[in-house]
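Asker: First the structure, then my questions, so here it is.
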Amino acid sequence: MSSDKAVTLRINGHDETATVPSHRTLLEALRGLGHVDVKCGCEKGDCGACAVLIDGEAVDSCLTLAHSAAGREITTLQGLGTPENLHPLQLSFSELGAAQCGYCTPGMIIASESLLRKNPSPSEDELRHALSGNPCRCTGYVKIFEAVNAAAEVMRNSGDPK
Amino acid sequence: MTVSDVNETQPNLRFSQIGKPLTRTDSPGKATGRTPYAGDYVMPGMLHAKVVRADIASARLKRLDVSKARALPGVVCVLTAQDMPDRTIATDIPGQTGRAKLKTDQQILVKERVRYFGEPLALIAAETPDIAEQARRLIEFELEPIPGVYDPEEAMKPGAPIVQGTDNIVATHKIRKGDLEAGFAAADVIIENTYITPFQEHAFLEPEVGLAWIDENEVITIRVCTQVIEHFRAVADAVGVPHNKLRVMGAMVGGGFGGKEDVTVETYLAILAQKTRKPVRLEFTREDSFLGHGKRHPIKLKYRTGVTRDGKITALDVQVLADAGAYVYLSPYVLLYCAVNAPGPYRVDNLNVFAQAVATNNMFSSAFRGFGGIQAAAAYEQQMDEAANAIGMDRIEFRRRNYLKTGDPISTGFVPPSAIWTEKCVDLAWQALGEPTPSKGPIKIGRGIAASQQSYGRLTFLHDTSEAWVGIEMDGTVTVRSGVTDIGAGQASSLAQIAAEIIGVTLPNVNVYNSDSQVTPLAGTSTASRALYMTGNAARLAAQAVRDRLAVVAAELLKAEPAQISMEFNQVFVTDDPSRAMDIADLVKVCASRGVHRSELAIFRAPFTDVLDPETGQGQAHPDYAYGAQAIEVAVDIETGEVTVLKCIAAHDVGQCINRAAVDGQIHGGTQNGLGYALSEEMLYKEGRLITPSFSEYLMPTAMDMPHVETIILESRSGLGPFGAKGIGEPAMTPVAPAVANAIADAIGVRVFEMPITPERIWRALEAARG
Ligand code: FES
Ligand code: FES
């Protein structure tokens, strides 16, 4: 379409170009580029399934315009670690059963990572608050809290918050 | 903290992997964002679909003009009922009995009459989602409102607008036993109350989505998030192709809870793919999802209980009225669950249950975790507290005097074959609450208990079966093939664990292929807490057959008897002399060279029965039942009506854990679902129009609201599932809401009879009590 414009997005450390109209959300653009680890649950900012890090801060990509993310550092769940080199949150979510259906998991881990970068030892209240925009329908959050706390400890001890 | 009293009750069986909190096979993919869901599949040249919905709940379609939409460049197809006359979709899950299906066919698109808000009028397929959306806006329609009915009581009155049938009554069930009059005559006190339960939305995080295409054999193939791939038959019938020319493939499902039990996007996708002969993708928006699948039935339950001063229930009369909404769907079955469970885990010899489901112009109701049993529990457990209060007896003691015990008949006269450990569950949960938190000023503390009975396995008159295939490869890895859908509870992983345990390989050496209606052996639905029970047993039988054949060859090679052979951790050895051992992979190679059959297709059959007696409801309804309890402590601010859940304990006899972490997870999630149901989740309708179609209006528990949930797992090893397991998916949720209600009543001294128990309802109840 004529209103399409190219935008270069830096995603998980690589530059990729999306050609999209100015009203296209970052969620749609990322999924269009194949980053389907970014999930869509509402397109209204109500579910956090679409969360990505932008310059280290968790944001709902469905409320962000793709063009506005140009030149910024975008990290999706896949960008945090790989199966061979798991991020501590990925490891703890996997091993402690914090993912059931797993659909909230990308957003949940991104929100947790965003928190732990700012606050390596969150209190229970701080943790709950940080995840309050990420509803999960399967887990009751119990194992999610356990997983974030376990990962936080690993990250504190490694001194390398990744 | 977790208590398991296996050792106290049964000699501990030796398992290498069963019962351990193992990492599920699907976890790493989910935690790294590598797991593809149905919405993540794309195809070159695929079209994007949209559904156009009615915006009035009861109306006649006067005009539907799609010409402008059709003319829009990039629109490939727009379909209305005129383009597909007389197409309907069956909305029940067929059993195997050949019994006449429920009369539940629904028009796929509105022909003339709109029966609920959001009923589909037209389908669009376009080259891009933007064009599809533009086309949606170009469709013009005119709906002429006609009188509707939005309350089941109103819908039953003579002269009420007719939504379904001749009198709106879509199902009636009766259960009768003993002598009700004599029972009430023997009572010292009669307690009568009416409890109201609300609509509930499943609110799975993944909205309905699918991709359909026509393959090289002219098979309409649909990749979709569903709990039930067996709907391929209904979808094939709806589009007029033979059953073997329609294929439904699942994916890891982003939550189901019953909301993906009925057909959702499949029919639309099949029709559009058939029409356009191109791949078509349809993804529901969140609002579509709110409007596009059935809800939990709102039910009004009138309980009349006769009790003696020494705490015996002498009679129970229950009147149940369920809102089926605009179409029948699974209402008759949901209602049956409600009726069967009406007395709960208590022995009631003089019983009368009369249950009806009635059509209205509300959103249709259908399956939801707990499936009618939840609404019954919400009522019977509040009524137990009311009855205990009426005779001035401690509520735990009153329950103790009435529990069903192992070997007792339930309401239908059927004796569950497994253990009934309600008393243990209640006592352990109640004790685990520990010291009471003190009330302070306007903050009142209260405690509640609720016990529950919930079936696992589908209704036995549906003649349920499940199949699984297990084979072992030349390198010693194991393959399981089974149609079971994985809706997030670890269904596939538990099959892997069962095969691994029996054949003696490690979990990473097992791979499960599941959820494909034409390629994997059909396993039945992931509903009714049946997947582990049914498909787990099928996998167990298949794995055992493979193991037995391998063991014969191993015995010969290791110079022992087959009964002396053990298989564990990818090794086969003589049990009493582990030095005589070999790799399973080497054993398989020998077996292959001899032509030993290294795979097995097994079928597991649930008990088959006839329907219950239509007048007395006596007979067998389910294969078996699970029992559990929930204990809750709440703080209620009597100035604001605000409720905080302070302590939350769940105790369940799960029969046997297959994966401990997965069992805990089911209980945590079931508790959360139940807390939302009890306290905050409210679907508000105005003349059938849903006014809360988003997560900012429909409030489910967030990370801020959820208390810690302590689980107490009991293992009676008496269930019908593999290794004595029972189901836990639904039982986990059943006792939660009444425990909350009882805790609130305990805190504030008055009962709120209608859920959700919002601050406003609490405040009103307190006002009313103050006079
Ligand atoms: S999809 Fe972005 S918050 Fe739900
Ligand atoms: S794991 Fe299913 S929504 Fe969180």
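Asker: Can you tell which of A:Leu131, A:Asn119, A:His87 lies farthest toward the positive end of the dipole of segment A:81-158, using +1 and -1 charges on the Cβ of basic and acidic side chains (Lys, Arg; Asp, Glu)?
Answerer: Of A:Leu131, A:Asn119, A:His87, it is A:Leu131.
Asker: If the reach is capped at under 21 angstrom between alpha carbons, list the lysines near B:Lys50, excluding any in the same chain fewer than eight residues apart.
Answerer: A:Lys39, A:Lys44, B:Lys68, B:Lys111, B:Lys260, B:Lys275, B:Lys278
Asker: Rounded, prolate or oblate for segment B:226-353? Axes are the square roots of the Cα gyration tensor eigenvalues, ordered a ≥ b ≥ c, and the cut-off for rounded is a/c under 1.5.
Answerer: Numbers: a/c = 3.40, a/b = 2.97, b/c = 1.15.
Verdict is prolate for segment B:226-353.
Asker: Which value in Å does the Kirkwood hydrodynamic radius of segment B:186-267 take, with 1/r averaged over all unlike C-alpha pairs and then inverted? If you can, show how the numbers build up before the last one.
Answerer: Numbers: mean 1/r = 0.0663 Å⁻¹.
Every distinct Cα pair counted, the radius reaches 15.1 Å.
Asker: Quick one: of the DSSP bridges fully inside chain B, what percent are antiparallel, nearest 5?
Answerer: Working: 105 of 134 bridges.
So the antiparallel bridges in chain B amount to around 80 percent.
Asker: While we're looking at this one, here's another question. May I ask for the net charge around B:Phe569, where only other residues with Cβ less than 13 Å from the Cβ of B:Phe569 are counted and Lys, Arg are +1 while Asp, Glu are -1? Please report the intermediate quantities before stating the final value.
Answerer: Working: positive: none; negative: B:Glu501, B:Glu568, B:Asp583.
Residues close to B:Phe569 contribute a combined charge of -3.
Asker: Let me ask something else. Using θ = phi - 60° and the Karplus curve 6.51 cos²θ - 1.76 cosθ + 1.60, what whole-Hz ³J(HN,Hα) does each residue of segment B:707-721 get, with Gly and Pro shown as x?
Answerer: For segment B:707-721, the Karplus-derived couplings read x, 5, 10, 9, 10, 10, 9, 10, 10, 7, 6, 10, x, 8, x Hz, x marking Gly and Pro.
Asker: Calculate how steeply helix A:105-118 sits against the longest principal axis of the alpha-carbon atoms of chain A, using the helix alpha-carbon long axis, and give the answer as 0 to 90 degrees to the nearest 10.
Answerer: Tilt of helix A:105-118: around 70 degrees.
Asker: Looking at chain B, I'd like the Rg to Rh ratio, where Rg is from alpha-carbon atoms and Rh is Kirkwood's inverse mean 1/r. Provide the component values of the computation, followed by the final result.
Answerer: Values: Rg = 26.8 Å, Rh = 27.3 Å.
A ratio of 0.98.
Asker: Suppose every Lys and Arg Cβ carries +1 and every Asp and Glu Cβ carries -1, with no other charges. What dipole size does segment B:438-544 come out with about its Cα centre, to the nearest 20 debye?
Answerer: Working: 7 positive and 7 negative charges, 178 e Å.
Once rounded to the nearest 20, the dipole reads 860 debye.
Asker: To continue, here is another question. For B:Lys302, which lysines qualify as cross-link partners when the Cα separation must be under 24 Å and same-chain residues fewer than eight apart are set aside?
Answerer: Filter leaves B:Lys157, B:Lys174, B:Lys177, B:Lys312.
Asker: Let me know the whole percent of all Cα-Cα pairs from chain A that are separated by more than 24 Å.
Answerer: Numbers: 4093 of 13041 pairs.
Above the 24 Å cut-off, chain A has 31 percent of its Cα pairs.
Asker: Turning to a different aspect of this structure: Which residue, B:Gln618, B:Val663, B:Phe604, has the largest displacement toward the positive end of the dipole of segment B:544-690 when charges sit on each Cβ (Lys, Arg +1; Asp, Glu -1)?
Answerer: Selected residue: B:Phe604.
Asker: Could you tell me the extents of segment B:658-725's C-alpha atoms along the three principal axes, largest first, rounded to whole Å?
Answerer: 50, 27, 16
Asker: What distance in nm lies between label points placed 7 Å from Cα along the C-beta direction at B:Asp188 and B:Lys405?
Answerer: 2.2 nm
Asker: Hey, another quick one. Based on Cβ point charges of +1 for Lys and Arg and -1 for Asp and Glu, what charge dipole magnitude is obtained for chain B about its Cα centre, in debye rounded to the nearest 20?
Answerer: Values: 75 positive and 91 negative charges, 183 e Å.
Result for chain B is approximately 880 debye, rounded to the nearest 20.
Asker: Could you put B:Phe364, B:Phe15 in order of accessible surface area, largest first, with the 1.4 Å probe and the full protein assembly present? Mind showing how you got there, number by number?
Answerer: Working: B:Phe364 5, B:Phe15 40 Å².
Largest accessible area first, the list is B:Phe15, B:Phe364.
Asker: I want to verify the translational diffusion coefficient of segment B:219-280 in µm²/s; compute it with Stokes-Einstein, Rh as the Kirkwood radius over Cα pairs, at 37 °C and 0.692 mPa s. Intermediate results must be reported in sequence, preceding the final value.
Answerer: Values: Rh = 11.6 Å.
D, rounded to a whole number, is 282 µm²/s.
Asker: Okay, moving on. Within straight cross-link reach of B:Lys20, meaning Cα distance under 17 Å, which lysines are found once same-chain residues fewer than 8 apart are removed?
Answerer: A:Lys143, B:Lys726
Asker: Would you work out if the protein assembly as shown is rounded, prolate or oblate? Take a ≥ b ≥ c from the square roots of the eigenvalues of the alpha-carbon gyration tensor; rounded if a/c is under 1.5, else prolate when a/b is larger than b/c, oblate otherwise.
Answerer: rounded
Asker: Follow-up. If each DSSP helix of 4+ residues adds -39,500 (n - 2.57) and the sum is divided by the residues in the protein assembly as shown, what number results at 222 nm, nearest 500 deg cm²/dmol?
Answerer: It comes out at -8000 deg cm²/dmol, rounded to the nearest 500.
Asker: To the nearest µm²/s, what D does Stokes-Einstein give for segment B:126-182 at 37 °C and 0.692 mPa s, using the Kirkwood radius over alpha carbon pairs as Rh? Display every interim value, and only then the final one.
Answerer: Values: Rh = 16.4 Å.
My calculation gives 201 µm²/s for D.
Asker: Mind pulling the angle between the C-alpha long axis of helix A:142-158 and the longest principal axis of chain A? Nearest 10 degrees, somewhere in 0 to 90.
Answerer: The two axes meet at around 90 degrees.
Asker: Follow-up. Please identify every one of the chymotrypsin sites (Phe, Trp or Tyr not before Pro) in segment B:522-592 that sits in a loop by DSSP and has no more than 15 other beta carbons within 10 Å of its own beta carbon.
Answerer: Qualifying residues, ordered by number: B:Phe569.
Asker: Once the dipole of the protein assembly as shown is set up with Lys and Arg at +1 and Asp and Glu at -1 on Cβ about the Cα centre, which of B:Ala322, B:Pro438, B:Met156 lies farthest towards its positive end?
Answerer: Going by the Cα projections, it comes out as B:Met156.
Asker: What range in chain B is the longest one free of GluC sites (Glu not before Pro) that are in a loop by DSSP and have at most 14 other Cβ atoms within 10 angstrom?
Answerer: Details: sites that count: B:Glu112, B:Glu216, B:Glu218, B:Glu615, B:Glu639, B:Glu687, B:Glu697.
It runs B:219-614.
Asker: Among DSSP beta bridges whose residues both lie in segment A:4-79, state the antiparallel percentage, nearest 5. Working shown, then result.
Answerer: Values: 14 of 16 bridges.
Roughly 90 percent of the DSSP beta bridges within segment A:4-79 come out antiparallel.
Asker: I need the trypsin sites (Lys or Arg not before Pro) found in segment B:243-312, filtered to DSSP loop residues with at most 12 other beta carbons within 10 Å of theirs.
Answerer: Values: sites: B:Lys245, B:Arg247, B:Lys260, B:Lys275, B:Arg277, B:Arg281, B:Arg286, B:Lys295, B:Arg296, B:Lys300, B:Lys302, B:Arg304, B:Arg309, B:Lys312; in loops: B:Lys260, B:Arg277, B:Arg309, B:Lys312.
Those satisfying the criteria are B:Arg277, B:Arg309.
Asker: Additional query: Note down the relative contact order for chain B as a percent, whole number, built from C-alpha pairs under 8 angstrom at least six residues apart. Mind showing how you got there, number by number?
Answerer: Details: 2043 pairs, mean separation 126.8, N = 771.
With pairs under 8 Å counted, the relative contact order is 16 percent.
Asker: Now for a separate question. Only Lys, Arg, Asp and Glu count, each charged at its Cβ (+1, +1, -1, -1), so figure out the dipole size of the protein assembly as shown about its Cα centre, rounded to 20 debye.
Answerer: Details: 89 positive and 111 negative charges, 234 e Å.
I would put it at about 1120 debye.
Asker: Can you compute the FRET efficiency between B:Asp349 and B:Arg605 using 1/(1 + (r/R0)^6), with r the Cβ-Cβ distance and R0 = 30 Å? Round to the nearest 0.05. Before the final figure, lay out each step's value.
Answerer: Details: r = 32 Å, r/R0 = 1.07.
The pair B:Asp349/B:Arg605 has a calculated efficiency of 0.40.
Asker: Let me ask something additional. Starting from the Kirkwood radius over alpha-carbon pairs of segment A:81-158, derive D by Stokes-Einstein at 25 °C in a medium of 0.890 mPa s and give it in µm² s⁻¹.
Answerer: 200 µm²/s
Asker: Here is a further query. Label segment A:4-79 by shape, choosing from rounded, prolate and oblate, from the square roots a ≥ b ≥ c of the eigenvalues of the Cα gyration tensor; if a/c is under 1.5 it is rounded, and otherwise prolate applies when a/b is larger than b/c, oblate when it is not. Spell out each step's value before the answer.
Answerer: Details: a/c = 1.57, a/b = 1.17, b/c = 1.33.
It is oblate, given that a/c is not under 1.5 and a/b is not larger than b/c.
Asker: Another question, if that's okay. Among the trypsin sites (Lys or Arg not before Pro) within segment B:327-427, which fall in a DSSP loop and have no more than 10 other Cβ atoms within 10 Å of their own Cβ? Mind showing how you got there, number by number?
Answerer: Details: sites: B:Arg347, B:Arg369, B:Arg395, B:Arg399, B:Arg400, B:Arg401, B:Lys405, B:Lys424; in loops: B:Arg347, B:Arg369, B:Arg401, B:Lys405.
Sites meeting the loop and neighbour criteria: none at all.
The values are calculated or read from the model by the stated rules, or taken from the named source; none is laboratory data. Fair warning: this is a prediction, and the values are worked out from it, not measured in the lab. Every residue, glycine among them, receives a Cβ derived from its backbone with ideal geometry; neighbour counts consider all protein chains shown. Just so you know, the surface numbers come from the protein's heavy atoms only, side chains and all, with ligands and any DNA or RNA stripped out. Shrake-Rupley method; radii C 1.70, N 1.55, O 1.52, S 1.80 Å.
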